[in-house]
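Trainee: There's a structure below that I have some questions on.
The values are calculated or read from the model by the stated rules, or taken from the named source; none is laboratory data. Since the model is a prediction, treat every value here as computed from it, not as a measurement. Note that we place each Cβ from the backbone using ideal geometry, even for glycine, and neighbour counts take in every protein chain shown.
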Amino acid sequence: MSVTEVDDSRVSAGADPAAGSPTDRTPRDLQRMFQLVLATVWLLDAVLQLQPFMFTRGSNGFSGMLNGFATGNPGWIDHSISWNASNVYHHPILTNSLFALIQFLIAFGIIWTRTLKPALVVSIVWSLGVWWFGEGLGTIFQGGATPFGGGPGGVLFYALLAVLLWPSEGGDRPFVAARTVGVRAASATWVVTWGLLAALALVGSGRSPRALHDLVAGLDSGEPGWLAHVDKASEMAFLHDGTTLAILLAVLCVVVAAAVFLPPAATQVILVVAIGVFAVIWVAVQNLGGILAGGATDPNSGLLVIILALLYWPQTAGRPPAIDSTGPTPATEEAPAR
Amino acid sequence: MTPTPTYLYYMFAMAMLAVAAYSLALLVVSIAFRRPSGWDVDIAHLAMGLSMAGMFITDWAFGPNAMWQLIFMLLLAWFVVRSIQAMQLFGIHLSHYLIHAAMSFAMLLMYWFPAQSGHGTSASMSMGTAAGGARIEPGLSFLLAFLFFASAVFTLASPNKGASHHGTHHRRYALHGSTEVAVGPQDEPPPLTGAAQAVAAPWLEDASHVVMCVGMGFMLILMI
């Protein structure tokens, strides 16, 4: 029997000619869509946690990775990280299974609207815990928390996104991030975040050519050929112009921080530049978090900064306020008008 | 040898077999009740479930690699053709066939580039060393894995239950393959009853797709 089917993706994206005029359709709930994007990243993290090396002891295992973040921190932070690493070392399968399970629960919790709020709360708590015990507070106290390398800690952005994506009724104007916390609070959060990124690009070893070079040089082991070539170019760029690049990044971050107060068209241009720059950083400096080398626990900050920027994308004409905050827009089953 | 922790790989292998068994049951229901859509996805999930169970646990693998490669090539071609047909009828859009085409392609990649030790995994791939040490492109592997995770998440969140198997317009269009035919209740296939209704519950169909997406994404991450 001959059958023909059509998927709903275009319908809910508002581009299906089969659904009649555009005014017949309910607009897509952007906040819900971004919640699901966040859930996808959590699901990726959960699966990355299941990689074989995460269950092993020693310097190449998960406990060794955690221990590496302890060095250089103040004593009490060092001890707390070492304590956590010790627990992981002695019970690698139990602890890592638990860590993966929590991340699976967060991912699937965000998907179901009934468990969305608890899942977001857990994600905030978990992110802060990982930031402390798993990322050594983003190496801020070691002076190496440059945004090039993921500073102030990729996992912090999970917490920030969870706050900004807290479910609420209402529209997505002027941007999705303002829907729950309001324009003033969202704008303040934006300014603080980008101001912090600007500062971190300049303080400590953030503007040191050698430190920036070493940041990339330590990552290329095990990377695919094309990315290793990109890394070589990044290393050379940092070695020769590291300070200049750090200053340029800081200036960009300041401009991006101010963008939220500019007219929508100007904001969009600046956000495109910011997204482009952080996409390059994510690939050419952060190496997608090291995922392609088979030794990553998360995609690092680049991807999350891009998602954050999209939350502040001005929603101007042509998009009416979202009506349904409980889930994606139901697709129509009406026949196409052809 | 199955890597540590073994429970993890047995768990995923069992999940893959469960999807395969469920897909077989769905296929029987589809034939018995002349369901117009979804049977191709059932066949794909059946093959993928059986094949991937053998990738997670070597002892559970069966059949020559060439057979599996042929199966997934045919499935890939089928879903690509169906996607093109859907686009011809309804214009450029993301047909649900595309994700199944991507999954068939991923299966082919797994057979063309078996997991290598020393690249972060020693997952028990049953395909031996057919590719002569070639390594899957990690970027492609990651991209596909992320795509499958996104498919799993958005499938679960979709209010259109069963869309992962049938799309969303099958009730009106599927019987005639035309956008211009008005489909009345008399044209619908016989309604599902009893156990068949329970087996073919749309949420269960979506759940099987989600399990397959997560399992396949995990295998692709292991192969990086």
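Trainee: Sort out which residues of the range A:29-62 are of a type in the set (S, T, Y) and at pLDDT 85 or above, and write them in order of number.
Mentor: Passing the criteria: A:T40, A:T56.
Trainee: Looking at (1) part of a helix (DSSP H, G or I); (2) touching a residue at least 60 places away in the same chain (Cβ under 8 Å); (3) surrounded by fewer than 20 Cβ atoms within 10 Å (Cβ to Cβ), can you tell me which one A:V163 breaks?
Mentor: (2)
Trainee: Which residue is farthest from the chain's Cα centre (by Cα), if the candidates are limited to the range A:220-253 and must be of a type in the set (D, E, K, R) and away from every other protein chain (no Cβ under 14 Å)?
Mentor: Here the residue is A:D241.
Trainee: Here is a follow-up. Could we say that A:F104 is surrounded by 22 or more Cβ atoms within 10 Å (Cβ to Cβ), touching a residue at least 40 places away in the same chain (Cβ under 8 Å) and closer than 21 Å to A:Q51 by Cα here?
Mentor: So A:F104 fails the test.
Trainee: Additional query: Just the residues that are within 14 Å of chain B (Cβ to nearest Cβ) and surrounded by 21 or more Cβ atoms within 10 Å (Cβ to Cβ), please, taken from the range A:65-87.
Mentor: none
Trainee: Restricting to the range A:192-219, and then to whatever is surrounded by fewer than 19 Cβ atoms within 10 Å (Cβ to Cβ) and in a loop (DSSP other than H, G, I, E, B), can you tell me which residue is nearest to the other protein chains (Cβ to nearest Cβ)?
Mentor: Top of the filtered list is A:G218.
Trainee: Report the residue count in the range A:279-300 for those that are farther than 21 Å from A:A237 by Cα and part of a helix (DSSP H, G or I).
Mentor: Here the count works out to 3.
Trainee: Right, something else. Looking only at the range B:73-103, filter to residues that are buried (at least 23 other Cβ atoms within 10 Å of the Cβ) and not in a helix (DSSP H, G or I); which one of those is nearest to the chain's Cα centre (by Cα)?
Mentor: Restricting to residues being buried (at least 23 other Cβ atoms within 10 Å of the Cβ) and not in a helix (DSSP H, G or I), the top hit is B:H96.
Trainee: In addition: Of the numbered conditions (1) more than 11 Å from chain A (Cβ to nearest Cβ); (2) in a helix (DSSP H, G or I); (3) over 16 Å from B:L147 (Cα atoms), B:P114 satisfies every one except a single condition; which is it?
Mentor: Of (1) more than 11 Å from chain A (Cβ to nearest Cβ); (2) in a helix (DSSP H, G or I); (3) over 16 Å from B:L147 (Cα atoms), only one is false for B:P114: (2).
Trainee: Only one of these conditions is not met by B:Q116: (1) at pLDDT 95 or above; (2) buried (at least 16 other Cβ atoms within 10 Å of the Cβ). Which number is it?
Mentor: (1)
Trainee: Could I ask something else about it? Checking A:W132 against (1) part of a helix (DSSP H, G or I); (2) modelled with pLDDT of 95 or more, which single condition isn't satisfied?
Mentor: (2)
Trainee: Right, A:V183: more than 30 Å from A:F53 (Cβ to Cβ), surrounded by fewer than 20 Cβ atoms within 10 Å (Cβ to Cβ), more than 17 Å from the chain's Cα centre (by Cα) and among the aliphatic types (A, V, I, L, M) or not?
Mentor: Against the criterion (more than 30 Å from A:F53 (Cβ to Cβ), surrounded by fewer than 20 Cβ atoms within 10 Å (Cβ to Cβ), more than 17 Å from the chain's Cα centre (by Cα) and among the aliphatic types (A, V, I, L, M)), A:V183 qualifies.
Trainee: Still on this structure, please answer the following. Taking the range A:53-64, which residues are in a helix (DSSP H, G or I), more than 8 Å from chain B (Cβ to nearest Cβ) and crowded, with 18+ Cβ neighbours inside 10 Å?
Mentor: Within the range A:53-64, the first condition is being in a helix (DSSP H, G or I), and the residues that meet it are A:53-55, A:62-64.
Next cut, more than 8 Å from chain B (Cβ to nearest Cβ) only: A:54, A:62-64.
Result: A:M54, A:F62, A:S63.
Trainee: Could you check the range A:256-265 and list, in sequence order, the residues that are under 17 Å from A:T189 (Cβ atoms) and in a helix (DSSP H, G or I)?
Mentor: Those that are under 17 Å from A:T189 (Cβ atoms) and in a helix (DSSP H, G or I): A:V256, A:A257, A:A258, A:A259.
Trainee: Scanning the range A:31-52 for residues that are in a helix (DSSP H, G or I) and touching a Phe, Trp or Tyr at 6+ places or on another chain (Cβ under 7 Å), which turns out farthest from the other protein chains (Cβ to nearest Cβ)?
Mentor: A:A46
Trainee: Now for a different question. Scan B:L46, B:L26 and give me the residue that is more than 9 Å from every other protein chain (Cβ to nearest Cβ), at pLDDT below 95 and within 14 Å of the chain's Cα centre (by Cα). Steps first, answer last, please.
Mentor: Values: B:L46 fails: at pLDDT below 95.
Only one candidate passes the filter, namely B:L26.
Trainee: Yes or no: A:T23 part of a helix (DSSP H, G or I), surrounded by fewer than 24 Cβ atoms within 10 Å (Cβ to Cβ) and at pLDDT below 95?
Mentor: yes
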